[in-house]
Amino acid sequence: MLQQLENLHRECFPHKPWCATDFADLKKSGCDIIASQNGFIVYRVVADEAEIITLGVAPNARRGGIAAAMLEIAAEDAKKRGAKKMFLEVAEDNAPARALYEQSGFANIGVRPKYYDGIDAVMMSRNL
Ligand SMILES: CC(C)(COP(=O)(O)OP(=O)(O)OC[C@H]1O[C@@H](n2cnc3c(N)ncnc32)[C@H](O)[C@@H]1OP(=O)(O)O)[C@@H](O)C(=O)NCCC(=O)NCCS
């Protein structure tokens, strides 16, 4: 599974690929990972807050609702475990991801200037 995640991550983030060890370390640090053949989501629940660490869908499987479905599964799981809010950060110029998050109920709550190699990070949250 970790090798599959590495391959999928490279397809989704060709300029910043993670390796299998990165996913293993995330699991060890308490993150949850949901993955299928074409998509993955990494999130963390701590007390009453949840955070989306990353998510991606293979280019040839996009616009089929996979990311929205994975977000809902993560949100439901976090809610069951006591989280009241879910947070994430997204690059200001990542229009597809920002559209996905807005459609999934997230709203902008702040900006971290020049967070990603000179690109602002938009901080978003939604109630669970
Ligand atoms: C962002 C990403 C995860 C979306 O995955 P997806 O499975 O294609 O998304 P969905 O099909 O679930 O889309 C749900 C909604 O998000 C919005 N959306 C998704 N991709 C979009 C795009 N390219 N342009 C505009 N809106 C988009 C739409 O509102 C869409 O609903 P619709 O198809 O009914 O119009 C995918 O493009 C991806 O892996 N990108 C590279 C990795 C990345 O940037 N991850 C996010 C890091 S924060």
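The values are calculated or read from the model by the stated rules, or taken from the named source; none is laboratory data. Just so it is clear, the model here is predicted, and its values are computed rather than measured. Note that each Cβ is placed from the backbone with ideal geometry, even for glycine, and that neighbours are counted across all protein chains shown. Just so you know, the surface numbers come from the protein's heavy atoms only, side chains and all, with ligands and any DNA or RNA stripped out. Shrake-Rupley method; radii C 1.70, N 1.55, O 1.52, S 1.80 Å.
Some points to look at:
- Separation of alpha-carbon centers, the range 26-40 and the range 66-96, rounded to whole Å: 13 Å
- Note on exposure: 54, 21 ranked by accessible area (1.4 Å probe, complete protein assembly) read 21, 54, with the most exposed listed first.
- Residues residue 49 and residue 15, FRET efficiency given R0 of 35 Å [Cβ-Cβ distance, rounded to 0.05]: 0.75
- Per-residue SASA entry for residue 81, accessible area with 1.4 Å probe, Å² rounded to 10: 110 Å²
- Other residues whose C-beta falls under 13 angstrom from the C-beta of residue 126 contribute a net charge of -2, scoring Lys and Arg +1 and Asp and Glu -1.
- Think of it as helices only: each DSSP H run of n ≥ 4 in the chain is worth -39500 (n - 2.57), and spread over all residues that comes to -10500 deg cm²/dmol at 222 nm.
- Relative contact order of the chain, defined on C-alpha pairs under 8 angstrom at six or more residues apart (%): 19 percent
- Positive contributions from Lys and Arg (+1) and negative ones from Asp and Glu (-1), summed over other residues with Cβ under 10 Å from the Cβ of residue 44, come out at -3.
- Pairs from the list 27/84; 27/85; 28/80; 16/79; 28/85 with a Cα-Cα gap above 25 Å: 16/79.
- Here the chain is treated as an ellipsoid with the same Cα gyration tensor; its semi-axes, largest first and in whole Å, are 20, 18, 15.
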